[in-house]
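The values are calculated or read from the model by the stated rules, or taken from the named source; none is laboratory data. In this text the structure is predicted, and so the values were computed from the model without any measurement. Heads up, the Cβs are rebuilt from the backbone with ideal geometry, glycines too, and the neighbour counts pull from every protein chain shown. Just so you know, the surface numbers come from the protein's heavy atoms only, side chains and all, with ligands and any DNA or RNA stripped out. Shrake-Rupley method; radii C 1.70, N 1.55, O 1.52, S 1.80 Å.
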Amino acid sequence: MIANFNPQQQHTLQNSFSLQGKGLHTGVTTTLTALPANANFGIQFQRIDLADQPTVKADCDFVSDTSRSTVLENKTAKISTVEHLLAALVASGVDNCLIQVDNIEIPILDGSAMPFIEAIEQAGIQEQAEQKKWYRIPDYLELNDAEKNAEMLLIPNDVYQIQTHIDFNSVVLGTQSASLSSLQHFKKDIASARTFCFLHELEILLQHNLIKGGDFDNAIVVVEKTPSQDSIEKLSKLFNKPSIKVEQGYLNNLELRYSNEPARHKLLDVLGDLALIGYPIQGKIIATRPGHKTNIAFAKKIKAYIKQNLLQEVPHYNPDEKPIYSTTDILKRLPHRFPFLLVDKIIDLKEKSIVGIKNSTFDEPFYVGHFPDNPIFPGVLQIEALAQTGGILALNTVPDPYNYDTYFVKIDQCKFKQKIGPGDTLILKMEFLEPIRRGLCIMKGTIFVGKKLCTEAVLVAQIIKTRNDEKSL
């Protein structure tokens, strides 16, 4: 990263750069040009060789294949082996970049991320005016892939760190680990680690029409047992090499860049694949026997968590502003009374959503007996407060709401994330998830204290006519 790099700001390239090389699996020659982009643009790939020059965003939602590399696809825009370039961009702090390519696969170059790191450094990095939003994951997230015997774990942490552990039951590789304590150490510790495969995999890969661009200069080939002379001759023709040697368990690679180079490259792949979450994260990743399939599945899990838990729009609350409904107005709309009326006022009411306020004070009756030495607003009453707020929203859909009541029939996906106590002001938000059918309302409820998400649940209620009075509110 550049000197005086501010990780709290977005960055793009200062100048463009171009690289050319063969694709590892397709063997096609591709010219890649990385261009600066505006703030909030993100990272996008553009196939300039195709009609209309379509683009595909670097996002796990657009991953179409993970069999041997990570492939992005959006309609006609398809680009493969993006992980090494993405790892270099993330480690360099580049948030916004347009990557133009004239073929289907990113060049493999030397099989590592170092050529991309060097090109980015030569182009320079430009700080942008927009702030960068980091998403700290406060919960433990885990993914187990039984098919691949792989595990992914995210532990809450204030910085982004990665550990990888690999074990292929290989006599040559043994058990290896690698770690990255800071993105600033990526160039020195991880970037030059090359991709690798086993000799016995080469035949399978060739049968699947892959590694057409493979070479001893861009990949490590691990040899578990010495191949026959016939196999060596076939490999010599395949790779157009006059001679092939096997030394210390590696094919024509006489010296590794690190003793644990395969584990470091797996870490490189994890960083590149998790760039497809689409949001910068803070947390410690522990990956055991990772691969592209597992990496992308975990990226999707983390993205879903962020969208559900960290992208909530916190309702604006100004106590000086006049509410839409005061407590007196609420008493006309709900049958609840003290001490069971748990909504003090309504500050926002739209066709599909509502925001209410509950001021929690120490003299609430429930605090007397609910953890009296450590008073906590009971979770069941938090849900009741949401239900009452949602009742007002539901009754707002009928022409004569004073003749109806709402009865809640189901609660799903209920989570209590933060403790609420005396002195807290609960911001209660309810919103329709689906149109009302046969009087049934499906609503998502969230409770905030300040900007902190404390509670969420999905509630189902039924609107039932209970009176036939003729009166107006």
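For the stretch 191-210, filtered to residues that are open to solvent by 20 Å² or more (accessible area, probe 1.4 Å) and among the hydrophobic types (A, V, I, L, M, F, W, C), the residue that is modelled with the highest pLDDT is PHE196. Can CYS97 be described as within 17 Å of ILE296 (Cβ to Cβ), modelled with pLDDT of 95 or more and of a type outside the set (Phe, Trp, Tyr)? No.
Beta carbons closer than 6 Å, at least 6 apart along the sequence or on distinct chains, pair a first residue in the stretch 26-48 that is over 14 Å from LYS78 (Cα atoms) with a second that is open to solvent by 30 Å² or more (accessible area, probe 1.4 Å) and at pLDDT below 95 for GLY27/LYS212; THR29/LYS22; ALA39/GLU130. In the stretch 104-114, is there at least one residue being in contact with a strand residue (DSSP E or B) (Cβ under 7 Å, 6 or more places away or on another chain) and open to solvent by 30 Å² or more (accessible area, probe 1.4 Å)? Yes, the stretch 104-114 has at least one match. Residues of the stretch 48-90 that are part of a helix (DSSP H, G or I), in contact with a strand residue (DSSP E or B) (Cβ under 8 Å, 6 or more places away or on another chain) and open to solvent by less than 10 Å² (accessible area, probe 1.4 Å): LEU85, LEU86, LEU89. Scanning the stretch 405-433 for residues that are crowded, with 18+ Cβ neighbours inside 10 Å and among the hydroxyl-bearing types (Ser, Thr, Tyr) gives a single hit, THR406. When the stretch 350-371 is filtered for residues that are among the aromatic types (Phe, Trp, Tyr) and either closer than 24 Å to PHE432 by Cα or open to solvent by less than 100 Å² (accessible area, probe 1.4 Å) (or both), the ones remaining, listed by number, are PHE366, TYR367.
Quick check, is PRO7 open to solvent by 50 Å² or more (accessible area, probe 1.4 Å), closer than 19 Å to ALA119 by Cα and of a type outside the set (D, E, K, R)? Criteria not met by PRO7. Only one entry in PRO315, PRO290 is under 30 Å from LEU395 (Cβ atoms), open to solvent by less than 30 Å² (accessible area, probe 1.4 Å) and touching a strand residue (DSSP E or B) at 6+ places or on another chain (Cβ under 8 Å), namely PRO315. Among the residues making up the stretch 439-473, those that are open to solvent by 40 Å² or more (accessible area, probe 1.4 Å) and of a type in the set (Gly, Ala, Ser) are GLY450, SER472. For the criterion of being in contact with a Phe, Trp or Tyr (Cβ under 8 Å, 6 or more places away or on another chain), surrounded by 18 or more Cβ atoms within 10 Å (Cβ to Cβ) and under 15 Å from LEU271 (Cβ atoms), ILE117 passes. Within the stretch 91-110, the residues that satisfy the criterion of being outside any helix (DSSP H, G or I) and farther than 13 Å from GLY23 by Cα are GLY93, VAL94, ASP95, ASN96, CYS97, LEU98, ILE99, GLN100. Of the residues examined, ILE346 is one that is under 21 Å from ASP405 (Cβ atoms), surrounded by 16 or more Cβ atoms within 10 Å (Cβ to Cβ), in contact (Cβ under 8 Å) with a residue 12 or more places away in the chain and in contact with a Phe, Trp or Tyr (Cβ under 6 Å, 6 or more places away or on another chain). For GLN20, the conditions (1) open to solvent by 80 Å² or more (accessible area, probe 1.4 Å); (2) part of a strand (DSSP E or B); (3) without any contact (Cβ under 8 Å) to a residue 60 or more places away in the chain all hold with the exception of (3). Of the residues examined, ILE436 is one that is at pLDDT below 90 and either crowded, with 21+ Cβ neighbours inside 10 Å or of a type in the set (A, V, I, L, M, F, W, C) (or both).
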